[in-house]
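Have a look at the structure below, then the notes.
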Amino acid sequence: MHMAWPEAGHVAVTKKYITKKNGRKEMKTIKSGAQALCVVSLMSLLSACGGGGGTETDAPASGYKVGGVASGLPDGEPVVLQNSNGDTTTVSANGSFSFPATVGKGAAYAVMITRQPLWASCSVSQQNGTANADVSSIQLNCVAAKAQVTTVAGPGAFQNAQGLVLAADGSFYVSDFTSDIIYSVNSIGQVQPWAGGFQTWVPGSSGYPALVTEGWLDGPRLNSQFFAPVGLALDKQGNMYVADRGNSMIRKISASGAVSTLAGDGSYSFQDGQGAHASFDQPQGVAVDDAGNVYVADTRNLRIRKITPDGTVSTLAGSGTAVSQDGTGAAASFTYPRTLAMGPDGNLYVGELNVGRLRKVTPAGAVTTIAGRDLPGFADGTGPDAAFNGVTGVVVDQNGTIYVSDFSNNAIRRISRNGVVTTLAGSGQSAVIDGIGSAAAFQGPEQLTLDAQGNLYVVEIQSGAIRRISPTQ
């Protein structure tokens, strides 16, 4: 009988027994490879179990994951976390999260918050340790902030203020619809004329000359005239753009203080073209992008217009029909667009006055509805479940969160990146009352602006005040 040799590494086991052959007793030995394999397999099993000693296994070739669980995060707003190895992750939803890069066995990790939403207070716990397996124990917890409303200037600082911007030096600029003046407001609330208001003589109704401040006059800012200025916007170079509603023009105030007319012929009509060959019909909102293009809420023409730096006017979106219809270019329609703002994503955000909708317009002119419905009302909710009563101010922060002045509801509303509308401050009462959340009251909130820290400011047409809305715990 042929016998195979044991495989390398196997130990042969022998059995000895006695047989009789030709009347003699003989001792025979048989090698058993199968029994040797059984013994080796048992030894291997004990070795794999650490021999009962509990030794650690090696890290996988891909490394260990570092992560945890997020809770209480505001809807769609990001929190940026950084690990001690320099790796970062952006957490924008509640639930599990992890860093994109893995770490090796025995590597230390330490996680910290590098950016969080303005309207939340976030913290991390169990953020330090050593990775000997996948880490999923880090806890990111956020608590929503409340809105503290205070008064910065006024009441009574202005007659009928509608436009508001905040310059890099901390000064506010306010357009007054009635006095035809653009005012500056310094950091301690002092108000003084900054542009417009130059007095000229005109024939009076009784035949006697009368002094007026309204009109159309370019020149040095304090020797210029506007007629019912409304929306204001600043570019990166410090130039200001004014929706001069009464003159149906878009005016420019350079950083050096010279007033000029960017576009518009003064007629209440609709015409694309360059400079004085273009026309508007009582424009009320302006915004500017990083390239210096100016966008206009041409209210009575029911359109969004675009002006290039050389003054060429074109129609970005809108059909001229007073309905709220999504679409692209002339296939879209607006119901009296009143205010607009440029978002960090390069899209325009437009507030409609009559129905109270918030619309988005892409650089290609594609229009969609973010929130609001056909009829005015006062309701929080998502998309069309929310209701406004006249959107007169809009601003977008660096995270893409939208803030809205809800004029007739006397409230400041907040729209998350996922389209969820909540009431940040105000109860619907028409009054000037400082306080937190619904304990505060507004009186005709108009244009909104943001400072570098993300605090909101709003000007009120009925009270003549500037109010600040800041987060607090």
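The values are calculated or read from the model by the stated rules, or taken from the named source; none is laboratory data. Only a predicted model underlies this, so the values are computations on that prediction, with no experimental measurement involved. Every residue, glycine among them, receives a Cβ derived from its backbone with ideal geometry; neighbour counts consider all protein chains shown. Heavy atoms of the whole protein, side chains included, go into the accessibility calculation; ligands, DNA and RNA do not. Shrake-Rupley method; radii C 1.70, N 1.55, O 1.52, S 1.80 Å.
Can you tell me which residues in region 439-456 are surrounded by 21 or more Cβ atoms within 10 Å (Cβ to Cβ) and of a type in the set (D, E, K, R)? Within region 439-456, E446 is the sole residue that qualifies.
The set of residues in region 90-107 being surrounded by 18 or more Cβ atoms within 10 Å (Cβ to Cβ) and part of a loop (DSSP other than H, G, I, E, B) consists of S92, F99, T102.
Counting only residues that are modelled with pLDDT of 95 or more, assigned to a strand (DSSP E or B) and open to solvent by less than 60 Å² (accessible area, probe 1.4 Å), region 108-121 holds 3 of them. N354 meets all of the listed conditions (1) touching an Asp or Glu at 6+ places or on another chain (Cβ under 9 Å); (2) assigned to a loop (DSSP other than H, G, I, E, B) but one, namely (1). Restricting V395, V421, V459 to those that are of a type in the set (A, V, I, L, M, F, W, C) and open to solvent by 10 Å² or more (accessible area, probe 1.4 Å) reduces the list to V395. Could you tell me which residue of region 57-86 is nearest to T423 (Cα to Cα), considering only residues that are open to solvent by less than 30 Å² (accessible area, probe 1.4 Å) and outside any strand (DSSP E or B)? Within region 57-86, the match that is nearest to T423 (Cα to Cα) is P74. Among the numbered conditions (1) open to solvent by less than 10 Å² (accessible area, probe 1.4 Å); (2) in contact with a Gly (Cβ under 8 Å, 6 or more places away or on another chain); (3) touching a residue at least 40 places away in the same chain (Cβ under 8 Å), the only one that L316 does not meet is (1). One residue alone among I304, I370 is among the hydrophobic types (A, V, I, L, M, F, W, C) and within 27 Å of D265 (Cβ to Cβ), and that residue is I304. Selection within region 192-241: residues that are open to solvent by 20 Å² or more (accessible area, probe 1.4 Å), among the hydroxyl-bearing types (S, T, Y) and in contact with a strand residue (DSSP E or B) (Cβ under 7 Å, 6 or more places away or on another chain). The member of this set that is farthest from Y173 (Cα to Cα) is T200.
Residue pairs whose Cβ atoms lie under 7 Å apart, separated by 6 or more positions or on different chains, with the first residue in region 144-158 and under 22 Å from S171 (Cβ atoms) and part of a loop (DSSP other than H, G, I, E, B) and the second among the small types (G, A, S) and open to solvent by 40 Å² or more (accessible area, probe 1.4 Å), do not occur.
Restricting attention to region 428-438, the residues that are open to solvent by 40 Å² or more (accessible area, probe 1.4 Å) and within 23 Å of R338 (Cβ to Cβ) total 3. Evaluating S333 against the criteria (1) within 22 Å of E77 (Cα to Cα); (2) open to solvent by less than 30 Å² (accessible area, probe 1.4 Å) leaves one unmet condition, (1). Residues that are over 25 Å from L448 (Cα atoms) and either modelled with pLDDT of 95 or more or touching a helix residue (DSSP H, G or I) at 6+ places or on another chain (Cβ under 6 Å) (or both): does region 192-199 have at least one? Yes, that holds for at least one residue.
Would you confirm, using the coordinates I've provided, whether Y241 is farther than 18 Å from R221 by Cβ and aromatic (F, W, Y)? Taking the combined requirement at face value, the residue does not satisfy it.
Residues that are touching a Ser or Thr at 6+ places or on another chain (Cβ under 8 Å), assigned to a loop (DSSP other than H, G, I, E, B) and among the small types (G, A, S) within region 294-319 comprise G318, S319, listed in sequence order. Of the residues making up region 292-311, just one is touching a helix residue (DSSP H, G or I) at 6+ places or on another chain (Cβ under 9 Å) and surrounded by fewer than 20 Cβ atoms within 10 Å (Cβ to Cβ), namely D310.
Of G454, G393, all but one fail to be in contact (Cβ under 8 Å) with a residue 60 or more places away in the chain and under 27 Å from G329 (Cβ atoms); the exception is G393.
Inspect all residues belonging to region 280-291 and state whether any of them is surrounded by 24 or more Cβ atoms within 10 Å (Cβ to Cβ), under 30 Å from the mean Cα position of the chain (by Cα) and of a type in the set (V, I, T). Checked region 280-291: at least one residue is surrounded by 24 or more Cβ atoms within 10 Å (Cβ to Cβ), under 30 Å from the mean Cα position of the chain (by Cα) and of a type in the set (V, I, T).
Q139 satisfies every condition listed in (1) closer than 19 Å to N418 by Cβ; (2) in contact (Cβ under 8 Å) with a residue 24 or more places away in the chain; (3) open to solvent by 40 Å² or more (accessible area, probe 1.4 Å) except (1).
When V174, V165, V191, V212 are checked against the criterion of being touching a residue at least 60 places away in the same chain (Cβ under 8 Å), out of contact with any Gly (no Cβ under 8 Å at 6 or more places or on another chain) and aliphatic (A, V, I, L, M), a single residue qualifies: V165.
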